[in-house]
Amino acid sequence: GQSSTYNVAGGNLSLARYRTVTNYPDYGRGASGTGNSFYAVGTTAANAQIVSTVRPAFGSGDFTCTSGFYDTFFGGDKKLSNDCYNAVNATLQTRTQNQQDIIEINLQGGLMNLPAGEVRMAGGFQSRRNKSQFNPDILQSEDSFTDQVIGVYPTGYLDASTAVKDYYLEALVPVLSGMKGIKRLELELGARYSDYRETSAETTWKALVNWEVTDYARIRGGFNRATRAPNLGELFLNQQEVFTIGGNSFGDPCSVRANAPFGAGGNDFATDPVKGANEPAPAVASGQTKAGANSTYLICQALMGGPGSVAVKQYYNNGTDVVAQGAGGAFNWVLQTGNPQLKSETADTWTLGAVVKSPWDNKWLKGLTGSFDYYNVEIKDAIMLYSLDYAAYRCFGVKTVTTPAEAAIQAATLGCRLNARDQRSGGALSGLLSYDNQANIKTSGLDIGVNWMSTIGDLGFKAPGSIALGLKATILDSYKTKQSPAAYDVETEWKGSLGPNLSGTNGGAYDYRLFGDIAYIMDNWSVALRWRHLPGVYSAGYASQQALKANNARVAAGGAGMILSYEPSTEIETPSYDIFDLSANWTIDKTWSLRGGITNLFDKAPPTSGDTAGHPSPSNLTVCNGAPGCTNPTSFSLPGVGGYNGGYYDTLGRRWFVGVKATF
């Protein structure tokens, strides 16, 4: 198979041409000119030179701009003249192609007869090759170093493929049947060997049991080993720039006030130029040591060009880095790239469940059925994109250096090259994030389903039709993740929160969820009322802080790890939420059917998530009470209102729908 997508995107502007036109007098009003008249030479602003070309206008177009941009900027967003718009317009054209080649052989059938029944087998071979090509417009590619599209960040070309050969064997083996307490007992066994061209070969297998105790009860469960190989993007993504919010729990690690456990805060070398005479020197961050802070400072110097560089003087001597270090919600422009050294994720899943139906002939009970399934899943070496903190940790936290020479060697490693610094100001540039087999994920819980149905006549009432009731419940026992091997990335229990917030995971780790329905059914029409209930919940950030508290208490009691700092949250739990939907169906005849309903029948307003009580009084500024790693807030704050979460709560309000279906 093959697919090809050609995309044309209008409404974009060339940054270089936009700058050129708006720098003409009167913001380009009446401007005209031609391209290829001059170009810039040089790598920095200090040594850049403007050079005139030998043949101006060769291979380039002319432009005019009648209206200019002044009235657009300052006159109420007035429309540009067509020639001005054409002068800066950049229509992007991209093409994406995918090819998949599959060769498959499957064999199945009966193998032999046992006393309990026939043994059935299935086996086969599959060869798969996936190829993909992505060709971005040159203006939005990483190769365009003199121009880009405003608001569109550079992306990379892709031309890569993966291939795998799979060999598998499955068997359904009847063990016992026709015995008291064992109507039927069978095993489902399977194994697969996958030979990946890009990564190592993997063997997966399963062993499941199905035990029909009686006509009314069945027990099922077993073990399954599964793997997920890295995909094309995770392996071969060419460098691209993206915009993100958050992802950094700590501030700039090079700052003298760094709060990162791998940062330079409180080092012996740098001074704080704005520190008052009576103000204490910046302290070493929780989880960091004096030797570690000194090491980070030396590595930072090396990344900025050496101890005597302009960047070091600008950053440390002119007060660039003395702002109190924030975290979490910062805006970040980061670079991303693939990692060809990835290996497969591994997941182990245990399940145990039962399916039952009523054994009684009682008119109220005979239509009752239920299912109960416990699950326990653990994913090891999960493929995860580096967080900004982990990318910094790979430079500053993995090795302690004591001399500038050692720092220069460390600064030349890949981990540090991905944390480049501006050679003029010393500030951090866009970090380069990649993928790694770094995360562990564990979850367990119970899924329950109960259903009941009966005709109204069987219940002793003189009325037509049937009635059906259903209730589904998911009860979460635990949902824990550890994002990376770094000690500061503590294991987090997300149960009772809107987390997890790890890339590739689904949020909404409620303690439980309920979904119920009641329906009245006739021969050609039905009406149903559905109910969804979500219990109270906290934000993912609150769950992360609870994990820090648990980590600090464990370390303070003598456990391994480091004590990490935090400011106590005053978040208010989001209240429980109930919503009802009404729907109906009417089969008019063999051709026509009608459906309709009301969503959010009672117009239930969504609750806000992440509300906080603030720190409105002096007593609320001393709340740590000696808790390890706890930092008391330094200023008062008003109660805060969070936001609406459209992923779990209805933010649209009551609405209705109607639909017609015709079958010919």
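The values are calculated or read from the model by the stated rules, or taken from the named source; none is laboratory data. Fair warning: this is a prediction, and the values are worked out from it, not measured in the lab. Cβ coordinates were reconstructed from backbone atoms using ideal geometry, including for glycine residues, and neighbour counts include every protein chain displayed. Accessible surface is based on the protein model in full, side chains and every heavy atom, while ligands, DNA and RNA are left aside. Shrake-Rupley method; radii C 1.70, N 1.55, O 1.52, S 1.80 Å.
If I go through region 552-564 residue by residue, how many of them are in a helix (DSSP H, G or I) and either more than 9 Å from PRO628 (Cβ to Cβ) or open to solvent by 50 Å² or more (accessible area, probe 1.4 Å) (or both)? Show your work before the answer.
Just the residues of region 552-564 that are in a helix (DSSP H, G or I), to begin with: 552-556.
From what's left, either more than 9 Å from PRO628 (Cβ to Cβ) or open to solvent by 50 Å² or more (accessible area, probe 1.4 Å) (or both): 553-554, 556.
Total meeting the criteria: 3.
Looking at LYS380, LYS366, just one residue is surrounded by fewer than 16 Cβ atoms within 10 Å (Cβ to Cβ) and either within 26 Å of THR505 (Cβ to Cβ) or β-branched (Val, Ile, Thr) (or both), and that residue is LYS380.
What about ASP159, is it closer than 20 Å to GLU345 by Cβ, modelled with pLDDT of 90 or more and in contact with a strand residue (DSSP E or B) (Cβ under 9 Å, 6 or more places away or on another chain)? When the stated conditions are applied, ASP159 does not pass them. Figure legend. Inter-residue proximity from region 89-100: first residues under 24 Å from ASN130 (Cβ atoms), second residues among the aromatic types (Phe, Trp, Tyr), beta-carbon distance below 7 Å, spacing 6+ or different chains. Indicated pairs: ARG95/TYR6; THR96/PHE134.
Cβ-Cβ contacts under 8 Å between residues 6 or more apart (or on different chains), taken from a first residue in region 605-616 that is touching a residue at least 40 places away in the same chain (Cβ under 8 Å) and over 19 Å from ASN645 (Cα atoms) to a second residue that is of a type in the set (Gly, Ala, Ser) and open to solvent by less than 30 Å² (accessible area, probe 1.4 Å), are listed as GLY614/GLY640.
Applying the set (1) in contact with a helix residue (DSSP H, G or I) (Cβ under 7 Å, 6 or more places away or on another chain); (2) open to solvent by less than 20 Å² (accessible area, probe 1.4 Å); (3) not hydrophobic (A, V, I, L, M, F, W, C) to PRO174 leaves exactly one unmet item: (1). Among the numbered conditions (1) open to solvent by less than 60 Å² (accessible area, probe 1.4 Å); (2) of a type outside the set (Asp, Glu); (3) under 30 Å from ALA543 (Cα atoms); (4) modelled with pLDDT under 90, the only one that GLN240 does not meet is (3).
Out of all the residues in region 71-84, which are modelled with pLDDT of 95 or more and either touching a Phe, Trp or Tyr at 6+ places or on another chain (Cβ under 9 Å) or surrounded by 14 or more Cβ atoms within 10 Å (Cβ to Cβ) (or both)? Step through it out loud before you land on a result.
At the first step, the residues of region 71-84 found to be modelled with pLDDT of 95 or more are 81-84.
Those that are modelled with pLDDT of 95 or more and either touching a Phe, Trp or Tyr at 6+ places or on another chain (Cβ under 9 Å) or surrounded by 14 or more Cβ atoms within 10 Å (Cβ to Cβ) (or both): SER81, ASP83, CYS84.
Filtered by the rule that a residue be within 14 Å of LYS442 (Cβ to Cβ) and touching a Ser or Thr at 6+ places or on another chain (Cβ under 8 Å), region 345-373 gives GLU345, THR346, ALA347. Screening region 318-369 for residues that are within 22 Å of the chain's Cα centre (by Cα) and among the hydroxyl-bearing types (Ser, Thr, Tyr) and picking the one that is modelled with the lowest pLDDT gives THR337.
A quick yes/no check of all residues on (1) among the aliphatic types (A, V, I, L, M); (2) open to solvent by less than 30 Å² (accessible area, probe 1.4 Å); (3) assigned to a strand (DSSP E or B):
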site: LEU185; (1), (2), (3): yes, no, yes
site: ALA191; (1), (2), (3): yes, no, yes
site: SER194; (1), (2), (3): no, yes, yes
site: VAL209; (1), (2), (3): yes, no, yes
site: GLU212; (1), (2), (3): no, no, yes
site: ILE219; (1), (2), (3): yes, no, yes
site: GLY222; (1), (2), (3): no, yes, yes
site: THR227; (1), (2), (3): no, no, yes
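Taking region 353-418 and the helices (runs of 4 or more DSSP H) fully enclosed by it, the elements with 1 or more residues that are hydroxyl-bearing (Ser, Thr, Tyr) and under 24 Å from TYR435 (Cα atoms) are at 388-396.
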